[in-house]
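Nothing in this text is a laboratory measurement; each read-out follows from the coordinates by a stated rule. Only a predicted model underlies this, so the values are computations on that prediction, with no experimental measurement involved. Heads up, the Cβs are rebuilt from the backbone with ideal geometry, glycines too, and the neighbour counts pull from every protein chain shown.
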Ligand code: FES
């Protein structure tokens, strides 16, 4: 006992010290890169071109995958130039399907969306986290549903349409899908097929920038809503798209039951408040002081200066970016509220610097 007190007296700690899971992961990974006892990994078994700048990745997950609900998103982690980067993508497939699908549109300046579209090939393995999100159908299905999608915001809505089909829904669904041009319509053949096979669904593609014969042109307006959804007042609404569309939809639909999922483009904030001058941000763990403009989220401004704290969804959902603010004030961009000056945890992806700050980073 005296010779090996650590082993005998603290067997649990000793086992942890040996890191059996990490060793198991190492050996399993040598057998098959998808195998792991700690991480949900998925092999890319197919890639489909949806549009010139969007691809669907068909994924075979390992045994740690716990499933998902239609409309939920999943964190996807890739290694880019030695740095592990995570982004959230909605699952475009249905939970009953054998394989998972995420559909990723390249975003200007989007690190992971560009990496996946350019570099990922069949056979590659991606790290996934658990699916999450509240953008799902309620247990009691509404009689009338309006689905508003913008750009790549169609992906969770596509999964929801498949879910309604699987549930033998017999109400009435209108999908208004806003895109720049007909060439930007993602998952079109699948959406058209669901519409063809289900009388409850009416799909209207609405082109905002490049008109085409046979297609409706326009933007999200009250007139468009009145035209396609005469019973708007008794309709449940799901909205998924970029923030300008989201804001517009929420203002037009005030007072109605609306579920929304926001897609932020890189560098885009929930509110655009401009601030003069710069503020000092002291990073207490790395003993660095940097100047930021306080124009965008702290996360965006740190990354611009080559500092990459942990992040995930970049829209205030996953809490991956939470860090301790030790001093100073920030504005929460999701609700416009200004914080106190004292110590508190903040989500740096949706916080803008209001004053000099001290962060535990
Ligand atoms: S990165 Fe997800 S909450 Fe900030």
**GNM result for the chain, Cα springs below 10 Å: residue of 230, 61, 257 fluctuating most strongly** = 230
**Message:** Among 130, 213, 195, which one shows the highest mean-square fluctuation when the chain is modelled as a Gaussian network with alpha-carbon springs under 10 Å?
**Reply:** 213
**Message:** Could you work out the relative contact order of the chain? I mean the mean sequence separation of Cα pairs under 8 Å and 6+ apart, divided by the number of residues, in percent.
**Reply:** 12
**Complete:** Nearest 10, in degrees from 0 to 90: the angle of helix 243-252 to the longest Cα principal axis of the chain is 50
**Item:** Estimated translational D of the chain in µm²/s (Stokes, Kirkwood radius over Cα pairs; 10 °C; 1.306 mPa s)
**Value:** 70
**Message:** How much of the DSSP bridge set in the chain is antiparallel, in percent, rounded to the nearest 5?
**Reply:** 60
**Complete:** Measuring from the longest principal axis of the C-alpha atoms of the chain, the long axis of helix 188-197 (C-alpha) lies at a number of degrees, nearest 10, equal to 60
**Asked** What nm distance separates the two modelled labels at residue 216 and residue 118, each placed 7 Å from Cα along Cα→Cβ?
**Response** 3.8
**Prompt:** Separation between the residue 166 and residue 305 pseudo-spin-labels, each 7 Å from Cα along Cα→Cβ, expressed in nm?
**Reply:** 4.7
**Prompt:** Using a simple spin-label model with points 7 Å from Cα along the Cα→Cβ vector, what separation in nm is obtained for residue 234 and residue 192?
**Reply:** 3.4
**Request:** If a/c stays under 1.5 just call it rounded; otherwise compare a/b with b/c (prolate if a/b is bigger, oblate if not). Do that for the stretch 144-263, with a ≥ b ≥ c from the square roots of the Cα gyration tensor eigenvalues.
**Result:** rounded
**Asked** Once the stretch 83-152 is represented by equal point scatterers at the alpha-carbon sites, with solvent omitted, what log10 I(q)/I(0) does the Debye formula produce at q = 0.23, 0.28 Å⁻¹?
**Response** -1.33, -1.60
**Message:** Just to confirm the number: angle between the C-alpha axis of helix 154-166 and the first principal axis of the chain, 0 to 90 degrees, nearest 10?
**Reply:** 70
**Prompt:** Using a Gaussian network model of the chain with C-alpha springs under 10 Å, which one of 155, 120, 38 is most mobile by mean-square fluctuation?
**Reply:** 38
**Message:** So if the hydrodynamic radius of the stretch 20-128 is defined as the Kirkwood radius over C-alpha pairs, what does Stokes-Einstein give as its diffusion coefficient at 4 °C and 1.567 mPa s, in µm² per second?
**Reply:** 90
**Request:** With runs of 4+ DSSP H residues as the only contributors, calculate the mean residue ellipticity of the chain at 222 nm using -39,500 (n - 2.57) per run, divided by the residue total and rounded to the nearest 500.
**Result:** -6500 deg cm²/dmol
**Prompt:** For the modelled label position 7 Å from the Cα of residue 259 along Cα-to-Cβ, which residues of the stretch 59-96 have backbone nitrogen atoms closer than 19 Å?
**Reply:** 67-75, 89-96
